[in-house]
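Computed from the coordinates by the stated procedures, all read-outs in this text should not be read as laboratory data. These numbers were taken from a predicted model, which means no experiment stands behind them. Every residue, glycine as well, gets a Cβ built from its backbone with ideal geometry; the counts of neighbours run over all protein chains shown.
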Amino acid sequence: MAKANDKDDTVAKTTSKKGASKKSSAGMTAKKKAAAKSKTAKPEPKAKKKVGKKPAAAAEPKPEPKAKKKAGKKAAVAAEPKPEPKAKKAGKKAAVAEAKPEPKAKKKAGKKAAVAAEAKPEPKKKAGKKPAAAAEPKAKKKAGKPKAEPKPSKKTANKKTANKKTANKKTANKKTANKKTARKAKAGKAAKSTLAERVDKHLLYQYSVQSPEADIEFFVDRYHELRGKDPVVLREDFCGTSLISTTWAALGDDRRAVGVDLDTATLEWARKHNLGKLDPEARARIDLRQANVLDGGGERSDVTCAMNFSYGVFKTRAELRRYLEVAFEQLADDGVFVTELYGGTEAIVQVTDEREVEDPTETIGDFTYVWEQASYNPITHETLCHIHFVLPDGSKLERAFTYDWRLWSIPELRELLYEVGFSSVRVYWEATDEDGDGTGEYYATEKEDNQESWLVYIIAAK
Ligand SMILES: C[S@@+](CC[C@H](N)C(=O)[O-])C[C@H]1O[C@@H](n2cnc3c(N)ncnc32)[C@H](O)[C@@H]1O
C-alpha cells in the first residue's frame with residue numbers, strides 16, 4: 001500500500017452538497033433551515049462562529065442557531081464583567097486564591113451536583129436498592145423460626161372450604177370489576193396519551209440528524225475523485241436504522257450495501273420501516289448483519305462509512321485502532337473509509353442545544369430536537385450526551401438516546417488511520433458564509449481557526 005500522500009492532503013478541494021449539509025444546520029439561519037427542512041443536522045454541532053471573535057460566549061450554553069436570540073445572549077454575556085480572567089492575569093497564585101476562592105468552589109460543586117442529578121441515574125438506582133438490603137434481617141428472622149402449620153380439624157376444614165368458596169366468588173367478582181376498571185383506564189389513557197408516549201423515536205432521530213442523500217453524494221464524489229469510478233458496495237458500520245444503506249440500495253440498481261449494528265431491536269426497526277419500503281430487488285441487495293463492528297464479516301466494500309461519531313464507543317487507543325484495522329481489512333483494495341468527527345470550544349462544555357425540526361410527513365408536527373452534553377471528563381475525554389425531543393403538544397421524550405463516548409481529536413484519529421495502513425487521510429471542513437454560518441460545502445484543508453463548534457468529514461483512502 002502506498003505511503004501517505006501529503007501533497008494530496010494539503011490540496012483544498014471545495015465540494016458542494018445538495019440540499020445543504022446536515023450538520024451545518026446548526027449554524028443556519030431560520031430561513032435556510034426551513035429550506036433545508038429535515039435534511040440537516042447531526043447530534044449537536046451548532047454555530048460555526050470563530051472562537052476568537054466572541055471569547056466570552058464560549059462559556060455560555062448556546063441554545064442553537066437562532067441568530068437573533070443568540071446575538072442577544074452573546075451581547076448580554078459580553079457586557080458582563082469577567083473578574084476571573086483578571087485574577088488569572090495577576091499571575092500570583094495567592095492573589096487568585098484570595099480573589100475568588102469561594103465562588104469557584106461553589107460553582108464547581110453546583111455544576112457537579114447538576115450533572116449527577118441529570119446525567120447519572122445510577123446513583124438513584126443504587127439508592128433504590130437499599131430498601132431491599134434493609135429487608136434482609138426480616139428474612140433471616142423467618143428462616144430462624146420454621147414453624148409447622150397447625151393441621152385443621154374436619155369442622156374447621158369445612159368452614160374453611162365454605163369460606164374459601166365465598167372468598168373465591170368475591171375474588172372473581174372483584175377480578176371482573178378490576179378488569180372493567182382497567183379497560184376503562186386504558187381507554188381513558190389512550191385518549192389522554194401524549195405525543196411523547198406515542199411517537200416513534202427512531203423516526204424523530206432520522207428526521208433530526210440524518211441526511212442520507214447528502215452523505216451519499218459526498219461519498220460518491222470523493223470516491224470518484226480518488227478512484228475515477230463509481231463505488232458499488234457500501235458498508236455502513238454502526239448502521240442503526242440503516243437509513244444510509246436503504247437509500248444507497250434505492251438509488252442504484254447495481255448498488256449493494258452491508259449494514260452492521262449490535263442492536264437487535266434497532267435492526268428489526270430498520271427491516272420493518274426502512275428496508276420494508278424498498279422493492280424486493282433493492283431489499284435483496286442489502287445485507288443487514290447483527291454483529292460487532294470489531295468482528296468484520298460480509299462483502300468487502302468500496303466505501304465504508306461510520307457516521308454520527310459512533311466509534312466514540314471505543315474509549316481506548318487500542319480499541320479504536322482495532323476497529324480501524326477491521327474497517328481497513330473489510331475494504332476492497334481501492335476502498336475508501338469515511339467518518340465524521342465533531343469538536344470546537346463548545347464540544348467539551350456542559351451545554352444543551354435546541355433546534356426546530358420539520359416533520360416531513362406532517363403527522364406528528366414540527367418538533368424540537370434537544371442535544372445535551374451532560375458531562376465531559378478532561379482526564380479521559382469521555383463525554384455523556386443525550387438526545388431529547390419536545391413534541392408539538394409540549395410533551396417530552398427525555399433521553400430518547402444516550403451516548404457514552406470518548407471524544408477523539410482529528411490528529412488522534414488521523415494518526416491511527418495512517419497506522420493501520422490508509423495511504424491518504426484528508427480532513428474536510430465546512431465552509432462558512434460572511435455571517436459565520438455553515439454553507440453545506442466542505443473542502444479539504446490542513447489549517448483552520450478553531451470555532452465554537454465544528455464538524456468534519458474524514459476521508460481515508462486505502
Ligand atoms: C449514534 S448511533 C448511529 C446510527 C446511524 N449510523 C447514524 O448515523 O445515525 C450508534 C449505533 O451504533 C451501534 N453500535 C454501538 N457499538 C457497536 C459495535 N461495537 N458494533 C456494532 N454496532 C454498534 C448502536 O447499536 C447504535 O445503533
Cut-off is 10 Å between beta-carbons; in what order do 301, 395 appear when sorted fewest neighbours first? 395, 301
Which of 315/396; 192/396; 201/396; 201/272 have a Cα-Cα distance over 19 Å? 315/396
Taking a crude spin-label model, label points 7 Å out from Cα along the C-beta direction, the residue 279 to residue 348 distance in nm is 5.2
Added length on full extension, which subtracts the Cα-Cα distance from 0.36 nm per residue, residue 194 to residue 224: 6.0 nm
For a quick check of your reading of the filter: which trypsin sites (Lys or Arg not before Pro) in the stretch 394-450 sit in a DSSP loop and have no more than 11 other Cβ atoms within 10 Å? 447
Order of 422, 219 under a 10 Å beta carbon neighbour criterion, fewest first: 219, 422
Pairs of Cα atoms under 8 Å, at least six residues apart: use those to get the relative contact order of the stretch 344-459, whole percent. 20
At a 10 Å Cβ-Cβ cut-off, how would you order 314, 389, fewest neighbours first? 314, 389
Which whole-Hz couplings ³J(HN,Hα) result when phi for each residue of the stretch 410-420 is put into the Karplus expression 6.51 cos²θ - 1.76 cosθ + 1.60, θ = phi - 60°, listed in order with x for Gly and Pro? 4, x, 4, 5, 5, 4, 5, 4, 5, 4, 7
Could you give the distance between the Cα centres of the stretch 335-358 and the stretch 405-461, to the whole Å? 12
Sequence order, the stretch 360-365: Karplus ³J(HN,Hα) from phi using 6.51 cos²θ - 1.76 cosθ + 1.60, θ = phi - 60°, Hz rounded, Gly and Pro as x, gives x, 8, 6, 8, 8, x
Find how much the distance from residue 317 to residue 362 grows on full extension, using 0.36 nm per residue of separation minus their present alpha carbon separation; answer in nm with one decimal. 11.8 nm
Where nothing but the Cβ of Lys and Arg (+1) and of Asp and Glu (-1) is charged, how large is the charge dipole of the stretch 374-442 around its Cα centre, in debye to the nearest 20? 400
Once residue 433 and residue 253 are pulled to full extension, the length gained, defined as 0.36 nm per residue separation minus their Cα-Cα distance, is 61.1 nm
